[in-house]
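The values are calculated or read from the model by the stated rules, or taken from the named source; none is laboratory data. The shown structure was predicted, so the numbers you read here are calculated from the model rather than taken from an experiment. Cβ atoms come from the backbone with ideal geometry, glycine included; neighbour counts cover every protein chain shown. Keep in mind that these areas ignore ligands, DNA and RNA; they rest on the heavy atoms of the full protein, side chains included. Shrake-Rupley method; radii C 1.70, N 1.55, O 1.52, S 1.80 Å.
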Amino acid sequence: MSSQPPRESTAADEDEDGILSGQDDRLAVVVRDSTNWLSMLKNLQETDVIILLTPVVVPISQDPTDLSDPFEPLGRSLAKRHPRVRHVPYTQRNGITSTHLGFIKRGQVIILCFDLRPGQQIQLEFADIAFAVSDNKPCIIVICCSPLESHHTIPFPTLIQTKGYSPPALEATAALLFGEQTTVTPTLRSIAPGPVRKAGESQPKLWPVEQWNEARDMASVLSLWSQSISNRFTIDYQTLSALLRRPGYAKHYVVRDPRDGEILGFCATYLSYVDQEGEKLIASLALLLVRAQNRNQGIGLSLHSHAIDQLKRTRGVVRLQLGSTFPRILYGPPFDMHLDEEWFHKRGWQLNNDLPGQGQTTYDLVLDFADWHQIHDAPSSSNMKFRLCAQEEMVRVLALVEDLSSKQGKMGWFDQYSSLMNGPNVKDVVLALDKDEIIATALTYTPSCGSQIASNLPWASRLGHDVGGVTCICILLGLLNACVANLTSQGMRKMFLDGISKGLHAFRDLGFKEWARYKDVWKDT
């Protein structure tokens, strides 16, 4: 296959008449071809393979018995012009999988199509992956949409826009691809052009991802943590290794330097049960760290894509979290951590809205008991009582927590309470009762209590040996009073309260102070 030097677009290439609008008769236009890749299609050898990747979409045929792929006309039109075309559909849910990667590596030209509906985001991660494994082979993006909305940024060098995916529009696209129509419009008013990737630039690539080896990798991961995370979250070797070592519930991955095996990037993932039947799971992408000098090389993309693919394959996963529930390494992206939010946004994470799962600010708080402003609940009932839990009450506690997890999205709570069942730490559960009905609960822990809760929440003990903690709490002032009293009786002088997203001013009035803040980021599968 011959190649030509890339042609940079110039002002002379501008042609605003090339915009595809509702009144435009043209079915397809070339938005830009800054690399001159389209000319290469006319010079393919007979043995070269074109890989056509198209989304699974809603049929447009009015015939209910027609179950054919709406993109088949594009595959047939390309096959009329070149003998070797491999048409491989992909789904929006699973994206570009290992099967597609195998085809991309064998092809000489990759054509990646998107069906973009009004209000949708272009899933640029799919294109990132295609570019990463294409090894600088022509990778042409086709957007089936008219008109494109102004907020879309498509930073790829060769781009075609079509009016949907009707057979005539797809035939026109094939003609454009092989130079049978010559309208080239490098800039459209309706597209935010963004930084175009040029041929010859260092392109991100996909790196081999492998499971980490604790004995071999722990010291390097701790070093990477120290370089990437603020001093607020200083942690020692033993504590971090204990957090990462969760057989059956955790899988962690690394990318190594192929020359010497040094770790360039690390990703930690966990699974936690949501319900009593063990049928629903929350999957956590707890850490994604890349050495500063090795960023923008595709390492983070490789780790993210591999980890998310593995988590989605797990039966019963109902939610993906950026951060972790339990063990609570980081609730979500910390505010004082440098984060490329646009990079995560392209991969489907919402971080900029003050809504649950979309970037809502969530706090860890610390209370010095000397500052505790004890306030009693307005007595809705004279029968309200607060006391420690007994073993025979745990069945009722688990039923209440499961109900809260379902109705209020308290993901990960059930797993923490159930870990205390039939053990000596049931007394760490504090109950609020109205008459004999359990209406609210809280989990307390101290650095030396020996429960799984303390090992899942490391930051209280990192603050001092006299700092206890409260977690998974249904907020009632009387229940907070009972938790303070329980921890005080065990010699604690301070209390760590995690994961608070509402009522910050009220907590400050009670004497709490902010210790850390995060973005609450997750998405249901």
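Averaged per residue, what accessible surface does the chain expose to a 1.4 Å probe, in Å²?
45 Å²
What number, in percent, do you get for the relative contact order of the chain if the mean sequence gap of Cα pairs under 8 Å and at least 6 apart is divided by its residue count?
Over the chain, the number comes to 13 percent.
What Rg and what Dmax come out for the chain when only alpha-carbon atoms are used, in angstroms?
Taking only Cα atoms of the chain, I get Rg and Dmax of 27.8, 87 Å.
Return the subset of Lys385/Lys427; Lys346/Lys523; Lys137/Lys205; Lys105/Lys137; Lys312/Lys410 for which the Cα-Cα distance in this structure is over 19 Å, preserving the input order.
From Lys385/Lys427; Lys346/Lys523; Lys137/Lys205; Lys105/Lys137; Lys312/Lys410, over 19 Å: Lys312/Lys410.
Grab the DSSP H runs of the chain that are 4 residues or longer, score each as -39,500 (n - 2.57), total them, divide by all residues and round the 222 nm result to the nearest 500 deg cm²/dmol.
-7500 deg cm²/dmol
Taking amide hydrogens as modeled 1.01 Å from N in the peptide plane, which residues meet the under 5 Å criterion relative to Asn136, leaving out close sequence neighbours?
For Asn136, no residues qualify.
Taking amide H positions as placed 1.01 Å from N in the peptide plane, with prolines and chain starts having none, which residues 5 or more places from His87, or on another chain, fall under 5 Å of its amide H?
Distant-sequence amide H within range of His87: Leu52.
Take peptides 264-277, 422-435 and line them up by average Cβ neighbours within 10 Å, highest first, as a rough protection proxy.
For the peptides 264-277, 422-435, the packing ranking is 264-277, 422-435.
Residues with amide H under 5 Å of Val31's amide H, sequence separation 5 or more or different chain, H placed in the peptide plane at 1.01 Å from N; which?
Leu159, Ile160, Gln161, Thr185
Could you state the number of Å between the C-alpha centres of segment 44-101 and segment 290-332?
Computed from Cα coordinates, the inter-centre distance equals 30 Å.
Rounded to the nearest 20 Debye, what is the dipole magnitude of segment 356-505 about its Cα centre when Lys and Arg each give +1 and Asp and Glu each give -1 at the C-beta?
Computed about the Cα centre, the dipole is about 140 debye.
Can you send over the carbon and sulfur percentage of the accessible area for the chain, probe radius 1.4 Å, protein chains only? Mind showing how you got there, number by number?
Details: 11600 of 23780 Å².
Heavy-atom surface of the chain belonging to carbon and sulfur, 1.4 Å probe: 49 percent.
Near Ser461, within a Cβ-to-Cβ distance under 12 Å, what is the net charge of the other residues, with Lys and Arg +1 and Asp and Glu -1?
0
Might you report the magnitude of the Cβ-based charge dipole of the chain about its Cα centre, with Lys and Arg at +1 and Asp and Glu at -1, to the nearest 20 debye?
920 debye
Once you wrap a convex hull around the alpha carbon atoms of segment 386-525, what is its projected area averaged over all directions, in nm²?
8.8 nm²
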